[in-house]
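Presented below is the structure to which this report refers.
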Amino acid sequence: MATENVNDVLPPILDSSSEPPSIFDGTTRLYLNYQCPFAQRVWIARNYKGLQDKIKLVPIDLQNRPAWYKEKVYPENKVPALEHNGKITGESLDLLRYLESNFEGPALLPDDPVKLEFAEELLTYTDTTNRIVYTSFKGGPTDELGGVFDHLEKALHKFDDGPFFLGQFSLVDIAYIPFIERFQVYLQEVFNYDITSGHPKLTAWIEELNKLEAYKPTKGDPEKYISAYKARFTQVQK
């Protein structure tokens, strides 16, 4: 496990009234939003690899985006995006791999080919997980929703050398935890649905991740998650 020092002083959020940073001046910047689970993935990886002094956080207000972000930084106008070596790279899973390949720090992928193959399976399954869970937010828990957490529970049984998906902490855990963090609180609040019920490995996985110093400062306010999802899926503000 990494030796972590992640006590960042979080910079202020930039909106349409904010001036841009000195873009492409040689500084490596992670453009993110503090509430975005995709950006949170890369933020966790940055922290875990001990890159706080090498990758500067630049938070963007997604509800009131600065025009310069789309015009000068990332035409896709999304987060996360990484400014590094004079270019911009986007998409969270691609960025996790990019950090692993281009920066020092503790490894986020094992050498074991069996684990690497399983990692690819689980990373592919993230989209399925998110689609099914978000669909349940509209109509309530279904057997398909239960199947998602059964699948993750089974995956956590595959390796017995640690509590994480590949045994030891990896990029796979980072890919899942920002979403599980949100799913757990929303399903419990709105549907009284406990994702950990009958899932001891998933319960232990969440508990272990909550101890991780790289993850702790990236966690958001559960009430904000609940309010945002209610507004999005039920048009009801908490």
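The values are calculated or read from the model by the stated rules, or taken from the named source; none is laboratory data. This is a predicted model, so every value here is computed, not measured. Glycine gets a Cβ as well: all are built from the backbone with ideal geometry, and neighbour counts include every protein chain shown.
Given the structure, is residue 146 modelled with pLDDT of 95 or more, of a type in the set (Gly, Ala, Ser) and under 30 Å from residue 98 (Cβ atoms)? Judged against the criteria, residue 146 is not a match. Within segment 129-143, the residues that satisfy the criterion of being surrounded by 13 or more Cβ atoms within 10 Å (Cβ to Cβ) and out of contact with any Leu (no Cβ under 9 Å at 6 or more places or on another chain) are 130, 134.
This table checks each residue for (1) touching a strand residue (DSSP E or B) at 6+ places or on another chain (Cβ under 6 Å); (2) more than 13 Å from residue 133 (Cα to Cα); (3) in a helix (DSSP H, G or I).
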position: 148; (1), (2), (3): no, no, yes
position: 157; (1), (2), (3): no, yes, no
position: 188; (1), (2), (3): no, no, yes
position: 197; (1), (2), (3): no, yes, no
position: 203; (1), (2), (3): no, yes, yes
position: 220; (1), (2), (3): no, yes, no
position: 224; (1), (2), (3): no, yes, yes
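Could you tell me how many of the residues in segment 56-65 are under 17 Å from the mean Cα position of the chain (by Cα) and farther than 11 Å from residue 80 by Cβ? Result for segment 56-65: 1. Report whether or not residue 193 is hydroxyl-bearing (Ser, Thr, Tyr), surrounded by 13 or more Cβ atoms within 10 Å (Cβ to Cβ) and part of a loop (DSSP other than H, G, I, E, B). For residue 193, the condition - hydroxyl-bearing (Ser, Thr, Tyr), surrounded by 13 or more Cβ atoms within 10 Å (Cβ to Cβ) and part of a loop (DSSP other than H, G, I, E, B) - is met. Of all the residues in segment 105-114, those that are over 30 Å from residue 53 (Cβ atoms) and surrounded by 13 or more Cβ atoms within 10 Å (Cβ to Cβ) number 1. What about residue 152, is it among the aliphatic types (A, V, I, L, M), closer than 19 Å to residue 179 by Cβ and in the same structural domain as residue 16 (by TED's automatic domain parsing)? For residue 152, the condition - among the aliphatic types (A, V, I, L, M), closer than 19 Å to residue 179 by Cβ and in the same structural domain as residue 16 (by TED's automatic domain parsing) - is not met. Here are some residues: 100, 104, 153. Which one is touching a residue at least 12 places away in the same chain (Cβ under 8 Å), part of a loop (DSSP other than H, G, I, E, B) and among the acidic types (Asp, Glu)? Checking each option against the conditions leaves just 104.
Only one of the numbered conditions (1) touching a Lys or Arg at 6+ places or on another chain (Cβ under 9 Å); (2) assigned to a helix (DSSP H, G or I) is not met by residue 167, and that is (2).
Only one of the listed residues (20, 37, 59) is surrounded by 14 or more Cβ atoms within 10 Å (Cβ to Cβ), modelled with pLDDT of 95 or more, touching a Phe, Trp or Tyr at 6+ places or on another chain (Cβ under 6 Å) and over 30 Å from residue 226 (Cβ atoms). That residue is 20. Does segment 66-74 contain any residue that is under 27 Å from residue 165 (Cβ atoms) and in contact (Cβ under 8 Å) with a residue 40 or more places away in the chain? No - not one qualifying residue is present in segment 66-74.
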